[in-house]
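Q: To start, I am sharing the structure in question, which I have written as structure tokens.
FYI, it's all coordinate maths here, none of it is from the lab. Just so it is clear, the model here is predicted, and its values are computed rather than measured. Please note: Cβ atoms are built from the backbone with ideal geometry, for glycine as well, and neighbour counts cover all protein chains shown.
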Amino acid sequence: MDVPEISVNELAQKLLNGAFLIDVRELDEWIAERVPEVPLIPLDEITDRLADFPTDGEVFIICRSGARSAAACQFLRSNDVNAINVAGGTLAWIASGQDVASGPS
């Protein structure tokens with residue numbers, strides 16, 4: 001299944017308009033550095049938390065570099081969630097100079 005992708009610069013614009021973004025990394029990675037205000041649902045919890053994902057709009061999924069989020073998108077898309085992978089993940093977000101949060105929420 002092909003998974004649509006979005007660049008971090010396009011994502012930054014969408015976030016200004018209230019886009020729904022989920023981070024699928026592990027807790028320690030999320031605490032170290034993340035897109036500000038992004039909630040965490042680790043990849044291994046996606047199947048149990050499917051109900052946490054809206055089915056009435058786009059859902060952007062981010063991880064470290066794009067591989068785990070692509071896997072999450074495949075699963076979500078097969079369950080009627082319009083999931084879009086963030087190309088390059090958090091590494092690309094940081095490299096683009098966007099704001100970064102860290103520490104526990």
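Q: Please report, in whole Å³, the volume per residue of the convex hull around the C-alpha atoms of the chain.
A: 90
Q: Under a Cβ-only charge scheme (Lys and Arg +1, Asp and Glu -1), can you give me the dipole magnitude of the range 23-104 about the Cα centre, in debye to the nearest 20?
A: Value, rounded to 20: 260 debye.
Q: Of all DSSP beta bridges in the chain, what percent run antiparallel (nearest 5)? Mind showing how you got there, number by number?
A: Values: 1 of 12 bridges.
If we restrict to bridges inside the chain, about 10 percent are antiparallel.
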